[in-house]
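Below: one structure, written as structure tokens.
The values are calculated or read from the model by the stated rules, or taken from the named source; none is laboratory data. Note that the coordinates shown come from a computational prediction; the quantities given were computed from them, not determined experimentally. Please note: Cβ atoms are built from the backbone with ideal geometry, for glycine as well, and neighbour counts cover all protein chains shown. Ligands, DNA and RNA are stripped out before the accessible areas are found, and what is left, the full protein with its side chains, is counted by its heavy atoms. Shrake-Rupley method; radii C 1.70, N 1.55, O 1.52, S 1.80 Å.
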Amino acid sequence: MGCPISPILFEMAMEVILKAAESSACPANLGGGCSMPPLKSFMDDTTIICSKEDETRCMLTRLDVLMSWCRMEFKPKKSHSLSIRKGKVDETMTFTVAGQPIPTVSQEPVKSLGRWYDSSMKDTRGGAETLELASESLVAINKCGLQGKFKIWCLQFMLIPRLL
């Protein structure tokens with residue numbers, strides 16, 4: 001069993017780093033008077049949202065400097081970038097961190113929270129995968145030797161939460 005304090009200390013240190021990097025950036029303009037903070041994070045996963053390419057590069061450089069001060073480093077191969085211009089995916093734009101290129105989502109699709117994201121910006125594949133999983137699971141539940149009320153229990157407490 002690991003130390004219960006370690007994740008809390010890590011998160012506190014990451015929060016200080018992210019606040020220091022965020023202080024030098026302006027909120028991302030989403031249009032229509034909407035703006036969003038330039039950094040979003042959950043534990044060690046960080047998302048940078050910027051309106052302009054040079055702001056993104058500046059934010060990456062700032063984060064890289066701050067991480068090197070803390071004797072930590074990014075793993076660019078585990079990172080992914082997605083650039084959108086005028087509503088379309090821009091595959092020509094590449095970013096680097098620690099001197100290494102960050103792969104784009106069109107080069108390597110990314111799985112986040114159980115869903116795959118690629119450069120098509122469409123969710124049709126996700127819908128097809130969910131439909132396939134539902135049909136296979138329903139057949140498996142039907143073939144098992146349980147009584148009807150237990151099959152319903154499997155559906156309600158196992159399959160439906162998995163599909164959600």
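Within the range 1-17, track down each residue that is assigned to a helix (DSSP H, G or I) and without any contact (Cβ under 8 Å) to a residue 40 or more places away in the chain. Scanning the range 1-17 gives S6, P7, I8, L9, F10, E11, M12, M14, E15, V16.
From the list R85, R115, R71, the lone residue that is exposed (fewer than 11 other Cβ atoms within 10 Å of the Cβ), closer than 18 Å to T46 by Cα and not β-branched (V, I, T) is R71.
Looking only at residues of the range 24-67 that are of a type in the set (G, A, S), in contact (Cβ under 8 Å) with a residue 12 or more places away in the chain and not in a loop (DSSP other than H, G, I, E, B), we find that the one that is nearest to M12 (Cα to Cα) is S41. One residue alone among K77, K151 is assigned to a helix (DSSP H, G or I), open to solvent by less than 80 Å² (accessible area, probe 1.4 Å) and basic (K, R), and that residue is K151. Which one is nearest to L164 (Cα to Cα) among residues in the range 137-148 that are part of a helix (DSSP H, G or I) and open to solvent by 100 Å² or more (accessible area, probe 1.4 Å)? Out of the qualifying residues, it is N142.
Taking first residues from the range 72-86 that are farther than 9 Å from V105 by Cα and without any contact (Cβ under 8 Å) to a residue 60 or more places away in the chain and partners that are among the polar types (S, T, N, Q) and not in a helix (DSSP H, G or I), the Cβ contacts under 7 Å between residues at least 6 apart in sequence or on separate chains come to P76/Q100. Going by what's in this entry, would A21 be described as open to solvent by less than 50 Å² (accessible area, probe 1.4 Å) and in a helix (DSSP H, G or I)? Considered against the rule, which asks whether it is open to solvent by less than 50 Å² (accessible area, probe 1.4 Å) and in a helix (DSSP H, G or I), A21 comes out as yes.
If you go through the range 94-111 and keep only what is open to solvent by less than 20 Å² (accessible area, probe 1.4 Å) and within 20 Å of T61 (Cβ to Cβ), you end up with F95, V97, I102, P103, T104.
Checking the structure you have, find out if any residue of the range 126-136 is more than 23 Å from the chain's Cα centre (by Cα) and either surrounded by 13 or more Cβ atoms within 10 Å (Cβ to Cβ) or of a type in the set (G, A, S) (or both). Within the range 126-136, one or more residues are more than 23 Å from the chain's Cα centre (by Cα) and either surrounded by 13 or more Cβ atoms within 10 Å (Cβ to Cβ) or of a type in the set (G, A, S) (or both).
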